[in-house]
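Pasting a structure here, questions to come.
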Amino acid sequence: MTDTVVAESRLTHRQTLTILSGLLLGVFLAALDQNIVSVAIVRISNSLDGFDEQAWATTAYLITATVTTPLYGKLADIYGRKPLYLIAIALFVLGSAACCFATTMYELAACRAFQGLGAGGLMSLAFTIVGDLVPARERVRYQGYFLMVFGIATVLGPVVGGFLSGFDTLGGVEGWRWVFLVNVPVGVLAFVVVARVLNLAHTRTRSRIDWLGALTLIVGVVPLLIVAEQGRVWGWTEPKSLYCYGIGAGGLLLFVLVEFLMKDAALIPLRLFRNSTFSIAIIGGFLIGVAMFGAITMVPQYLQVVRGYSPTEAGLLMLPLVVGIMVGAQLSGLITKLTGHYKVLPVLGALILAIGCALFARIGYTGPMWQPLVYSAIMGFGLGGCMQTLIIAAQNAVSRTEMGVSTAAATFFRQLGGTLGVAVFLTVLFDRLPGSILDAFGGTLPPGFDAERLAALQRDTSTIATLPDEWRIPILEGFTNSMHSVFFLAADLAIVACLVLIFMKEIPLHDDRVAEPAADPTLLRDVSLHDAHEMAGRSRPVGPRVIAGLLRRDDDRPVPAATLTLIDQHGHQVARGNGDADGAYAIEAPRAGNYVLIAAAAGHQPEAVSVSIAERAHHVDLVLVGAGELTGIVRSARRGEPLWGAAVTLTDPEGEVVGAAITGEDGAYVCRDVVSGTYTLVAVADHMRPTALALVVPETGSLVRDIDLEPMAILHGSAWVQGDRPVPDVQITVLDSGGDPAATARTDENGRYLVPDLPSGEYTVVARGYPPVASQVSVTRGEITHDVTLGFENEESMHSQ
């Protein structure tokens, strides 16, 4: 296998902003679309005669956008960021255009699902590309621009959506169809910009595509997203909802099993979660997503229902929230750049978000207008401080080759949390609403305003403003009090996220210098945590064309004392070096150009990669697999027959498992890619004694070692009375030499008993039926026959053979 690694010069700030403009247009597409459609959906559904089906247009988009996010991340790591991002933009634009031709709500839902196929990659791939382009210290600042764009779309979406859907026709086209048409020119512009200016070098990796994992993820997530969107309408305990819970749980269990079996080729490799920083960043992002999307959904609800503003006006009043996000994101980026530390930022951000939500929960329906504006700004400031920093933490916790997977995972779980947050918060709101309104009326509904009218008011709040004050004021009080519960819940979740994030371990940023021991300043430690540009300054070669990295086995353990050789395109050696005891290496090319890097170590298969070097250092990690192979057949020592289903395990001198296999019908096993050395081979099979062998695996070739397993002893016999009459249903207890029960059995209708799988040793057989009878038996191997004779008082006899 030959991969290509290309090293480019670091981009200037202006070049980065040029590329960023295309990425921001893509993110703006997805964010603007969600906000525009949410305002115009009522007009759209009425135009298509499907008011009661409008939720499916949102649900279909949400499902495909969510489940494709991890797939985009994995494919981008394999095939590169640029082609996948262009595909995402193209799918989104085509889906938007298709929505313009929908004639029914079901057609619109299908087109929205197609549109979501593109939306799934727009946000996560944009974050991944920034991670490729920008050093970690500056990444928060640049990724903060995406939050700003998201916030601006939150403000502009209702304004544009309300404006366009307000036209009966515009340019000969129904006004609401422009809600989707507006995406086309923006999307085409984004496509052109990205195609022209985004030129990322990529390391092509050969990896299986986890299609089965994607399928099981769809089976697990789609029912949960459907019930999250529709559960309030169906009822959370109705059969439809219960079916969704069951199918979703089963699908997620299958997904975890598939990911475990797929190992590194998995859609979301489970080994990533062994890194505590990555796991806590994902959990914290999920909790923040629940609180963030739930709270942001409630703010316009308050402004429109309680304050009586139109959707367009409510969108403009969200501007303080956007400003708070912008300020928080830029400030957190500045702090990260200056200090190189980031752990405290999401902790404080979650705490500030909790404070903002708690303050919003104390707003009255007639309070001063500055309160919701200031408190939403506080919430935005907290979000700006933690959202992008958590993505940086997830990216920084893995190698650069898995940045797409880590970013997609962080985006996926945050979006999943947001979806569940909106569903939970709306459920809490509408569950509390009837009781809160009833309390505001003093415990009894007024004459003329019965429970049916209250239920109708929950379905359509537009009539609240037309009600007389004696009804309207208590209703608004009840609505405000119900929202208090929601914001307090958001504050509680933000506090939980804050407490979780306190335990996140801060890994030094990839491009941070880490102090080395004074005795050996050239020693490279965990190379995967440092940018190669920084490693060059600490490694023995000091030129600008240093290649540095870490040599690992496929179980992530270092390969020590490896030999590195660099050859040119004509096969001539141009440089040579050695890895240290930690598997780290550094080697310098004489000039810029294309080379082949060869790594070899005793007991391992050699590995070669093509490297294209410019005037800068770069980083290449290599995985070397063992060159040895262990095979053999597991048989029964007594019968000589092969044993099917025997478990064979290979452990090193430290007790670590380095190989495992299950024998087939022919009893054969094989452990491949084994590094040379001394090992312990253990075989275990049903009804057989475990066997352990010591062996030495050679540096190359195959070692054949057959294993013979002795069967466990079987103790059987009969219980008699008066010498010749068998006794059924007698309890037989076998005690070991210490007097502890080793096995029990009962005689059958013919007085026979059977005790299988007994280890060798001295045993006491106790028969209970008549007065108890005890006798001694020595068990070695094979079948041991031991009869017992029951009698009265001192009568006891025993017959053994």
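The values are calculated or read from the model by the stated rules, or taken from the named source; none is laboratory data. Every value quoted in this text rests on a predicted model; they were computed, and no experiment measured them. All Cβ positions, glycine included, derive from the backbone under ideal geometry; neighbour counts span all protein chains shown.
Going by what's in this entry, would LEU287 be described as over 23 Å from VAL155 (Cα atoms) and more than 29 Å from the chain's Cα centre (by Cα)? So that I can check it myself, show each step before the final result.
On the way: over 23 Å from VAL155 (Cα atoms): yes; more than 29 Å from the chain's Cα centre (by Cα): no.
Answer is no for this residue.
Is there a residue in the stretch 226-243 that is modelled with pLDDT of 80 or more, within 30 Å of THR103 (Cα to Cα) and not aliphatic (A, V, I, L, M)?
Yes, the conditions are met somewhere in the stretch 226-243.
Could you count how many residues in the stretch 297-332 are at negative phi, of a type outside the set (A, V, I, L, M, F, W, C), at pLDDT below 80 and out of contact with any Leu (no Cβ under 6 Å at 6 or more places or on another chain)?
Here the count works out to 9.
Taking the stated definitions as given, is GLY213 touching a Pro at 6+ places or on another chain (Cβ under 9 Å) and at pLDDT 80 or above? Write out each step before concluding.
On the way: touching a Pro at 6+ places or on another chain (Cβ under 9 Å): yes; at pLDDT 80 or above: yes.
So GLY213 fits the description; yes.
Let me ask something else. Does the stretch 425-437 contain any residue that is buried (at least 20 other Cβ atoms within 10 Å of the Cβ), assigned by TED's automatic domain parsing to the domain that holds VAL322 and either among the β-branched types (Val, Ile, Thr) or over 18 Å from TYR302 (Cβ atoms) (or both)?
yes
Of the residues ALA76, ALA57, which single one is in a helix (DSSP H, G or I), in contact (Cβ under 8 Å) with a residue 60 or more places away in the chain and not β-branched (Val, Ile, Thr)?
Testing whether each residue is in a helix (DSSP H, G or I), in contact (Cβ under 8 Å) with a residue 60 or more places away in the chain and not β-branched (Val, Ile, Thr) leaves just ALA76.
What helices (runs of 4 or more DSSP H), lying completely within the stretch 253-345, carry at least 1 residues that are surrounded by fewer than 17 Cβ atoms within 10 Å (Cβ to Cβ) and among the small types (Gly, Ala, Ser)? I'd like the intermediate steps shown before the answer.
Working: elements: 276-301, 311-316, 319-339.
Ranges flagged: 276-301.
Here's a follow-up. Need the failing condition index for LEU445 against (1) surrounded by 13 or more Cβ atoms within 10 Å (Cβ to Cβ); (2) at pLDDT below 70, just the number.
(2)
Sticking with this structure for a sec: In the stretch 357-368, how many are without any contact (Cβ under 8 Å) to a residue 24 or more places away in the chain and more than 35 Å from the chain's Cα centre (by Cα)?
Residues flagged as without any contact (Cβ under 8 Å) to a residue 24 or more places away in the chain and more than 35 Å from the chain's Cα centre (by Cα) within the stretch 357-368 amount to 3.
Still on this structure, I have one more. Being of a type outside the set (D, E, K, R) and surrounded by fewer than 17 Cβ atoms within 10 Å (Cβ to Cβ) is the filter here; which residues of the stretch 466-483 pass it?
THR466, LEU467, PRO468, ILE473 - these are the residues of the stretch 466-483 that are of a type outside the set (D, E, K, R) and surrounded by fewer than 17 Cβ atoms within 10 Å (Cβ to Cβ).
Each row is one residue, and each column tells you yes or no for (1) under 25 Å from ALA627 (Cβ atoms); (2) of a type in the set (Ser, Thr, Tyr); (3) touching a Gly at 6+ places or on another chain (Cβ under 6 Å).
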{"residue": "GLY645", "(1), (2), (3)": "no, no, no"}
{"residue": "VAL675", "(1), (2), (3)": "yes, no, yes"}
{"residue": "THR680", "(1), (2), (3)": "yes, yes, no"}
{"residue": "LEU693", "(1), (2), (3)": "yes, no, no"}
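What pairs come out if I take residues in the stretch 369-392 that are within 17 Å of ALA490 (Cα to Cα) and in contact (Cβ under 8 Å) with a residue 24 or more places away in the chain and pair them with residues that are aromatic (Phe, Trp, Tyr) and crowded, with 24+ Cβ neighbours inside 10 Å whose C-beta lies under 9 Å away, six or more apart or interchain?
From residues that are within 17 Å of ALA490 (Cα to Cα) and in contact (Cβ under 8 Å) with a residue 24 or more places away in the chain, the pairs are PRO372/PHE360; SER376/PHE360; ILE378/PHE360; MET379/PHE360.
Something else about it: Go through the residues of the stretch 52-66 one by one and say whether even a single one is over 17 Å from GLN34 (Cα atoms) and modelled with pLDDT under 80.
Yes: one or more hits.
Any chance you could count how many residues in the stretch 484-504 are surrounded by fewer than 23 Cβ atoms within 10 Å (Cβ to Cβ) and over 27 Å from the mean Cα position of the chain (by Cα)?
Number satisfying all stated conditions: 3.
On the given criteria, is GLY248 within 30 Å of LEU426 (Cβ to Cβ), touching a helix residue (DSSP H, G or I) at 6+ places or on another chain (Cβ under 7 Å) and modelled with pLDDT under 80?
Spelling it out, it is not the case that GLY248 is within 30 Å of LEU426 (Cβ to Cβ), touching a helix residue (DSSP H, G or I) at 6+ places or on another chain (Cβ under 7 Å) and modelled with pLDDT under 80.
On to the next question. With the checklist (1) loosely packed, with under 15 Cβ neighbours inside 10 Å; (2) closer than 25 Å to SER399 by Cα; (3) touching a residue at least 40 places away in the same chain (Cβ under 8 Å) in hand, flag the one item ARG591 doesn't pass.
Only one criterion in (1) loosely packed, with under 15 Cβ neighbours inside 10 Å; (2) closer than 25 Å to SER399 by Cα; (3) touching a residue at least 40 places away in the same chain (Cβ under 8 Å) is unmet by ARG591, namely (2).
Might you check whether a residue that is under 30 Å from LYS74 (Cβ atoms), at pLDDT below 75 and either in contact with a helix residue (DSSP H, G or I) (Cβ under 7 Å, 6 or more places away or on another chain) or assigned to a helix (DSSP H, G or I) (or both) occurs anywhere in the stretch 420-441?
Yes, the stretch 420-441 contains at least one residue that is under 30 Å from LYS74 (Cβ atoms), at pLDDT below 75 and either in contact with a helix residue (DSSP H, G or I) (Cβ under 7 Å, 6 or more places away or on another chain) or assigned to a helix (DSSP H, G or I) (or both).
Among the residues of the stretch 276-293, count how many are in contact with a Leu (Cβ under 6 Å, 6 or more places away or on another chain) and within 21 Å of MET403 (Cα to Cα).
The qualifying residues number 4.
Check every one of the helices (runs of 4 or more DSSP H) wholly within the stretch 88-187 and list those with 3 or more residues that are free of Cβ contacts under 8 Å to residues at least 60 places away in the same chain, in the same structural domain as ALA31 (by TED's automatic domain parsing) and under 29 Å from the mean Cα position of the chain (by Cα).
Numbers: elements: 105-133, 136-165, 178-181.
Where helices (runs of 4 or more DSSP H) fall fully within the stretch 88-187 and carry at least 3 residues being free of Cβ contacts under 8 Å to residues at least 60 places away in the same chain, in the same structural domain as ALA31 (by TED's automatic domain parsing) and under 29 Å from the mean Cα position of the chain (by Cα), they are 105-133.
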